[in-house]
Every structure is written in structure tokens, then in C-alpha cells.
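The values are calculated or read from the model by the stated rules, or taken from the named source; none is laboratory data. Computed from a predicted model, the values in this text were never measured in an experiment. Cβ coordinates were reconstructed from backbone atoms using ideal geometry, including for glycine residues, and neighbour counts include every protein chain displayed.
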Amino acid sequence: MVAQDDERQATLERARTRLLIGGAVFTACFLAVGLRLADLGLLRQEQDVRALQSREVVGQIKTQRADIVDRQGELLATNLVTASLFANPRRVPDPAAAALKLASVLPEFSAAELTAKLSADRAFVWLKRNLTPRQQFEINRLGIPGLDFEREEQRVYPHGALTAHVVGFTGIDNEGLVGIEKSFDATLAGGGEALQLSLDLRVQYILRKELSEQIERFSAIGGGGLVIDADTGEIVAMVSLPDFDPNSANEADDDARFNRISLGVYELGSVFKIFNHAMALDSGITSMKGGYDASKPIRVARFTINDFHGENRWLSVPEIFMYSSNVGSAKMALHAGGEMQRDFLSDLGFLERTSVELPEQGKPIYPAPWREISTMTISYGHGIAVSPMHLASATAAMVNGGLLHSPTLIKRSPSDPVLGKRVISRDTSDSMRRLMRLVVENENGTGGNAAAPGYVVGGKTGTAEKQVDGRYKTKALVSSFVGVFPSQAPRYVVVVMLDEPKGIKESYGYATAGWTAAPVVSRVISQAAPLLGVAPVDEDAPEIQRALALSLYSRVRTVAAN
Amino acid sequence: MIRPTTLAMLLLAASAGGLLFRVSFEVAELEDRLGGLNRAIVKEQESIHVLRAEWSYLNQPSQLAALAERYLDLVPLATEQIQTFAALPLRPLPETLDDDEITADAATLLAEVKGLPKLKPLAPRRHVRARQETVSRPEVAAIFVTQPAPSRTLGDVLNDVMKPSPVRVE
């Protein structure tokens with residue numbers, strides 16, 4: 001009995017211990033849950049709110065390729081979502097009937113063509129990429145089994161041909177092929193923020209309009225124009241004509257796709273006298289008071305160097321520039337020597353491709369070895385072929401105080417430091433401004449047609465005969481004008497180039513730069529200057545006259561020196 | 001036999017469960033709504049994107065020039081039409097007093113001065129930038145426009161804009 005009692009006692013004892021352990025475990029569990037609840041509910045509120053906010057926040061939709069915009073933010077290139085039509089021919093029950101129905105929606109295909117595609121023994125065949133929304137709707141309505149759409153993105157250029165040569169275009173799979181699209185392919189392909197160019201669409205339009213009108217007027221085969229910020233190298237407008245619509249770039253011919261501004265290299269003629277004069281003045285071999293005998297043509301071997309506007313006398317340095325004397329320039333260059341000329345042109349970047357952000361870059365053509373005859377012809381822009389882009393960036397350095405900036409198509413942020421390479425002194429640059437103003441202002445200057453009242457235009461004409469098969473063609477000219485405004489403190493450089501203009505009655509048969517390219521510069525400046533924030537001034541105001549005054553130091557009394 | 005504590009515990013457990021269910025359903029519903037809103041936002045953004053491209057297309061300068069020529073009485077801006085503040089003549093003063101009147105006695109003079117129209121300070125003027133290429137045909141240097149004082153303050157406008165608008169979910 002006692003043993004039984006003992007046993008019972010022990011069993012109860014054991015049961016109680018088990019209960020106690022079980023209870024303790026449960027209590028611990030509930031306690032943990034309770035504590036966690038209190039922690040979440042009472043203590044962690046702030047973090048929770050933050051966690052919620054960071055969750056599923058909708059950002060800007062991301063396209064596969066970033067947009068390209070102009071300096072005002074105007075859209076130049078963007079990706080739009082489109083649908084592309086494909087078929088699984090094995091699932092199309094009646095290819096002939098389906099093809100007939102499809103052909104009614106897609107008129108560019110014949111029923112026979114579609115039948116062939118739809119009866120192919122394959123599981124996938126593209127029918128048409130990038131449908132219009134209307135086409136997609138119509139095809140959906142046909143209800144043909146075995147057809148399906150794929151969401152795709154298509155590159156669209158809302159401004160079409162206007163910026164074709166700068167922006168370029170992409171291929172069917174949106175890979176950059178030409179222009180900015182190619183040079184920034186990697187950046188753009190990542191999507192993300194829009195790429196902002198330095199172009200100003202309004203100035204671009206003015207330049208293109210005026211240039212194309214002039215090309216038509218003088219029956220030129222093409223032309224190009226460039227507006228560049230003299231102090232930063234930013235390209236505000238850049239046009240090459242003929243151009244093409246990048247939305248259907250594969251239909252464009254090679255001539256339209258050819259970028260005359262950066263890829264084309266030309267012997268630009270007398271505009272090179274700017275650099276010849278700058279070299280001579282900066283090196284100190286002569287001064288504004290100096291001069292050279294231009295009374296007789298120079299004969300070297302079988303060449304004869306003549307003056308187009310022949311004065312046939314001793315000419316002062318400003319006169320050589322104003323009359324655009326080849327003889328005077330050649331003598332000046334000989335005085336300086338070939339080595340100095342080569343070094344100077346090399347410093348200005350004329351012997352290499354420019355560093356502008358375009359894959360289409362022409363390599364300058366220059367003589368090697370650099371003979372004496374080359375030195376003479378290069379002084380007036382023959383025997384060296386460079387792109388108008390080279391010309392614009394080097395001219396900017398001549399007038400902006402002497403600092404060379406690499407031309408760029410990307411908008412500079414105001415906080416970026418402006419780095420430039422000093423190529424000539426401030427004083428020489430000041431002289432160059434006066435000389436270039438003289439060409440436009442003086443009644444004997446060749447660039448009078450470039451004047452735009454109020455904007456104090458300065459510049460230099462250049463008319464060169466084109467070399468075809470190694471010979472110069474007298475009837476095929478490249479007429480160019482490089483202008484700066486306002487001359488007293490240049491802000492922008494404008495280059496206009498016409499390829500093979502033909503003389504007309506209004507220009508007395510002349511197709512030279514003063515008649516063809518200079519008027520374009522005048523019209524572009526008078527329209528674009530207000531947009532570029534350049535205020536017109538009174539050109540006769542004493543401070544402007546003083547800043548640009550220049551004595552001709554002429555030795556002929558009849559020439560009125562001002 | 002059910003003890004009151006047990007009863008209370010059961011009730012508590014039941015209500016906690018019920019509450020949990022309700023909250024979880026509510027959360028699911030909110031999630032759905034959020035998803036819907038997000039989809040709607042993406043859709044709107046896509047339309048905005050397309051509209052931006054269309055806007056840019058419609059703003060082709062050549063197209064605008066053609067339209068302006070057809071429908072507007074505008075001509076290209078001439079250089080003479082651009083003027084600076086400095087070139088503007090001063091605002092004419094009210095008629096000055098004659099010598100005779102100055103000799104008149106102080107009381108009449110004072111009365112006359114008080115009778116003069118009170119000059120208001122110049123209304124704020126805004127310089128309209130020559131952003132557009134054209135200006136209206138009348139050959140005046142019409143580049144300064146007086147802005148009427150706004151009847152609403154900036155605060156009012158901001159309040160209107162910030163006011164939450166009902167959102168519809170499809």
C-alpha cells in the first residue's frame with residue numbers, strides 16, 4: 001500500500017514537473033512574441049514609416065536609350081514605345097487568307113510576299129517592326145491566330161533634318177551609327193538622364209534657313225555653317241547641307257549624309273590670312289606699321305602668285321589684310337619662315353583632327369615636306385585643307401584674347417572652369433579684331449556684305465578654287481566667310497561656307513565669298529544675336545570707334561585712311 | 001466549468017484574431033490600390049513622354065514660322081526695335097507750377113499742392129526678353145510691357161496647387 005502510494009506520489013510529482021516545464025516554454029514564447037509586438041508597435045514607428053516610403057516608389061519611366069535635348073531643353077531625340085508584329089507560321093491555319101487580310105492593313109507588302117512569310121516552316125518570323133498605333137489596332141481586329149506583337153522602342157527625331165548632322169541617327173536595334181548618337185552610344189544606351197547639347201535650336205534654324213536659301217540662289221552643290229561661342233568653344237549651331245531626315249536615314253544618299261563641317265576638308269583660301277597675320281604680328285617679325293612690296297606677282301618655278309584685287313604697289317600690313325593680297329601674304333609668310341608657320345598652325349590645331357564629339361572628323365591635308373612654295377600658298381589658304389570646324393575654333397582664339405578652346409557640342413555648365421591654351425598674346429588678338437573689323441567696315445574691304453548694323457561684325461572672306469583630280473578648277477569655288485560679333489568684345493564666331501556657288505546677275509556674275517557667303521553671315525547675325533543675348537550698340541559710339549580704330553599706314557595719299 | 005479568466009482570454013484571442021484578419025485584408029486591399037496607382041502613374045508618364053515628343057515635333061521652327069506667317073500679323077524683329085532701359089526717356093513730371101503761383105500766399109499754394117493728383121509708385125515692369133523672333137507690326141519699340149499687379153498672392157496660388165485632388169483608380 002505504501003509502495004503504491006509512493007508510486008502515485010512520484011507520478012504526480014513527474015506530471016507536475018512536466019506541466020511546469022511546458023508552461024515555462026509557452027510563457028517564454030508568448031513573452032517573446034509580446035515583446036516583439038511592443039517593439040514593432042511602440043518603438044519602431046519612425047523606421048517603419050521610412051521603410052514604407054522607400055517601397056515601390058514610382059520613378060521616371062526609363063527608356064532603353066536616353067533623350068538628347070538642346071541647350072534650352074528642347075527634345076532632339078527620344079525613344080517611343082511601339083509594337084512590332086511577328087508571326088509563328090506553324091500556328092497560322094490559313095496563310096493565304098491571313099496574308100490577304102494583312103495586306104489590306106499593311107499596304108507596303110503584297111499578299112504574295114506575306115503568304116511566303118506566313119507559310120515558312122519556322123516558329124518565328126518578323127512581319128513588320130514599329131507599327132503605328134492604328135496599324136496595331138487594325139491587325140488586332142483581324143483576329144488572325146499565330147500573330148503577336150512585341151513591345152519595342154523606336155528612336156524618334158522630332159526635329160527631323162534640322163539637327164541631322166549633329167545628332168546623327170541609330171540603327172534598327174537602336175545602336176548609334178552616326179553623330180552624337182554614335183560618340184555617346186555607351187552613355188545613351190544606359191537610359192537615364194537626357195544628354196544636353198550646346199546647340200540652340202532657334203539659331204540652328206536661322207542658320208539652316210539662310211544657308212539653304214543662299215545655296216539655292218547661287219545654285220551651289222552644298223554648304224555649311226557654324227556658330228561657336230568664342231569664349232568657351234560651345235557650338236551653338238552647326239549645319240551641313242544637303243541634309244537628310246534621320247527618321248528615315250537609310251533613304252538618304254551619301255552626299256546628304258556627308259558632314260561638310262567636320263568631315264569635309266577644304267582649301268579655304270584667304271580666310272587663312274587671319275592666321276598668317278596673327279603669326280606675323282605675334283612673332284614680332286612685323287607690326288601694323290610694316291608692309292611688303294606687292295607690286296609684282298611672284299613667280300616660283302611654274303607657279304605665279306597673283307592678287308585677285310590687285311593694287312600692284314607696296315602694301316601696309318592692314319592693307320594686305322583688307323585687300324586680301326596674296327602677294328603680300330606670301331612675302332609675309334616667307335619672312336616668317338616655313339618652320340614658324342608650321343609650328344603656329346600646329347598650335348592652332350590645324351594639323352590634326354579637332355576634338356569635337358563627333359565620329360565624323362576629317363583629317364587635315366597638308367604638304368610633307370613643307371616646302372617654300374607651300375609656305376607661300378598656305379599663307380593665303382591654298383595647299384592646306386582643313387574642315388570649317390578647324391577654322392571656327394582657331395578664329396575664336398584669334399579674337400577672344402588669344403585662348404584656344406576645343407570646340408564642343410556638349411553644353412557647358414556655368415560652374416565648369418573654362419580652360420584654354422594661349423596661342424597668341426592679348427595685344428595680337430586686339431589687332432586681329434581691328435583688322436577683321438576693317439574688312440567689313442572699310443569701303444575697300446571685301447566683306448562689306450557681312451555687316452549687320454548694331455552688331456559690329458568683323459570677318460574675313462575666303463574664295464578658293466577647288467582641286468579636282470589634282471588640278472584647280474576655276475569654275476568650282478569654295479566660298480567662305482568667317483565672321484565675329486560684336487568686334488569690340490567678340491562673343492560668337494560665325495563660319496559660312498558654300499560649295500561651288502555659281503555667279504548670278506545680282507552678284508555681277510561673281511561667286512566669290514563677299515557676294516555669296518558674307519550676306520548669309522549678315523542675315524544670321526542680325527536674326528540670331530538677340531536670341532543669343534547680344535544687345536545691339538551704336539556702331540558710331542566713340543568707345544566702339546576707339547576700340548576698333550586702325551590706321552592703314554598706307555603710302556598712297558588717295559586712299560582715305562580712317 | 002469555465003472560469004471567468006479563461007473566458008476573458010478566449011474572447012481576447014478571438015478579437016485579436018479578428019483584428020488581425022481585418023488588418024491583413026485591409027493591407028491587401030491597399031497593396032492592390034497602390035499597385036493600380038503605380039500602373040496608372042507609369043501609363044500617364046508614358047503618355048507624357050509621347051506628348052513631349054509630339055510637342056517638340058509641333059514646335060519645329062520651320063512649322064512655327066509658316067504658321068506665324070499665315071495667321072499672325074508679325075514681322076521679323078528689327079534691330080532698332082531693341083532698346084535698353086537706359087535709352088528710355090524719363091516719365092514726364094506733372095505740370096510744374098508757374099512763377100506767379102509761387103508768389104501767391106502760402107495757404108493757396110498749399111491747397112493747390114494738396115489738390116495735385118497723387119503719384120503712384122511705378123508699377124513693376126517686366127523686361128520681355130527678345131526670345132521670339134518676331135514682334136508685332138506697329139513700328140514701336142514694344143518690348144516693355146507693364147505687368148498688372150497680381151490680385152492673388154503667391155501663397156493663394158501655391159495653396160491651390162498643393163490641394164490634394166481626388167485620385168481615380170481604374
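Numerical summary
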item: Single residue of the range A:251-271 satisfying the filter (assigned to a helix (DSSP H, G or I) and surrounded by fewer than 24 Cβ atoms within 10 Å (Cβ to Cβ)) that is farthest from the chain's Cα centre (by Cα); result: A:E251
item: Contacts under 9 angstrom Cβ, first residue in the range A:317-340 being basic (K, R), partner assigned to a helix (DSSP H, G or I), 6 or more apart; result: A:K331/A:I320; A:K331/A:M376; A:K331/A:S379
item: Out of A:S480, A:S554, sole residue that is surrounded by 19 or more Cβ atoms within 10 Å (Cβ to Cβ), under 27 Å from A:T304 (Cα atoms), touching a helix residue (DSSP H, G or I) at 6+ places or on another chain (Cβ under 9 Å) and not assigned by TED's automatic domain parsing to the domain that holds A:S219; result: A:S554
item: Counted residues, the range A:198-217 - those being hydroxyl-bearing (S, T, Y) and more than 12 Å from every other protein chain (Cβ to nearest Cβ); result: 1
item: Test: residue in the range A:382-389 that is in the same structural domain as A:M432 (by TED's automatic domain parsing), touching a residue at least 40 places away in the same chain (Cβ under 8 Å) and either among the aromatic types (F, W, Y) or in contact with a helix residue (DSSP H, G or I) (Cβ under 6 Å, 6 or more places away or on another chain) (or both); result: yes
item: Identity of the residue in the range A:435-477, hydroxyl-bearing (S, T, Y) and buried (at least 24 other Cβ atoms within 10 Å of the Cβ), that ends up modelled with the lowest pLDDT; result: A:T446
item: Contacts under 7 angstrom Cβ, first residue in the range B:77-91 being surrounded by 11 or more Cβ atoms within 10 Å (Cβ to Cβ), partner in a helix (DSSP H, G or I), 6 or more apart; result: B:L77/A:P530; B:T79/A:S526; B:I82/A:P530
item: Selection count, the range A:526-546, where residues are more than 10 Å from chain B (Cβ to nearest Cβ) and surrounded by 22 or more Cβ atoms within 10 Å (Cβ to Cβ); result: 0
item: Residue in the range A:228-246 that is farther than 30 Å from A:L531 by Cα and in contact with a Ser or Thr (Cβ under 9 Å, 6 or more places away or on another chain) present; result: no
item: Hits in the range A:156-186 (condition: in a loop (DSSP other than H, G, I, E, B) and either more than 14 Å from chain B (Cβ to nearest Cβ) or aromatic (F, W, Y) (or both)); result: A:Y157, A:G168, A:F169, A:G171, A:I172, A:D173, A:N174, A:E175, A:L177, A:V178, A:F184
item: Residues of the range A:420-456 that turn out to be in a loop (DSSP other than H, G, I, E, B) and more than 14 Å from every other protein chain (Cβ to nearest Cβ), as a count; result: 10
item: Subset of the range A:355-381 [under 18 Å from A:A397 (Cβ atoms) and surrounded by fewer than 23 Cβ atoms within 10 Å (Cβ to Cβ)]; result: A:S355, A:P364
item: Positions within the range A:267-324 being in contact with a Pro (Cβ under 7 Å, 6 or more places away or on another chain) and closer than 22 Å to A:R434 by Cα, in sequence order; result: A:M288
item: Hits in the range A:186-228 (condition: over 30 Å from A:G509 (Cα atoms) and of a type in the set (A, V, I, L, M, F, W, C)); result: A:A186, A:L188, A:A189, A:A194, A:L195, A:L197, A:L199, A:L201, A:V203, A:I228
item: Filter result for the condition that a residue is within 11 Å of chain A (Cβ to nearest Cβ), assigned to a helix (DSSP H, G or I) and over 30 Å from A:I68 (Cα atoms), over B:L10, B:L30, B:L19, B:L37; result: B:L30
item: Unmet criterion (only one of (1) touching a Ser or Thr at 6+ places or on another chain (Cβ under 6 Å); (2) modelled with pLDDT of 90 or more; (3) among the basic types (K, R)) for A:R129; result: (2)
item: Residues of the range A:238-250 satisfying the condition of being of a type in the set (A, V, I, L, M) and either within 16 Å of the chain's Cα centre (by Cα) or not assigned by TED's automatic domain parsing to the domain that holds A:A220 (or both); result: A:M238, A:V239, A:L241
item: Hits in the range A:162-207 (condition: within 24 Å of B:S62 (Cβ to Cβ) and β-branched (V, I, T)); result: A:T163, A:V166, A:V167, A:T170, A:V178, A:I180, A:V203, A:I206
item: Lone unmet requirement of (1) within 14 Å of another protein chain (Cβ to nearest Cβ); (2) on the phi > 0 side of the Ramachandran plot for A:G233; result: (1)
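Each row is one residue, and each column tells you yes or no for (1) part of a helix (DSSP H, G or I); (2) free of Cβ contacts under 8 Å to residues at least 40 places away in the same chain.
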{"position": "A:V239", "(1), (2)": "no, no"}
{"position": "A:A249", "(1), (2)": "yes, no"}
{"position": "A:K273", "(1), (2)": "yes, no"}
{"position": "A:S287", "(1), (2)": "no, yes"}
{"position": "A:Y292", "(1), (2)": "no, no"}
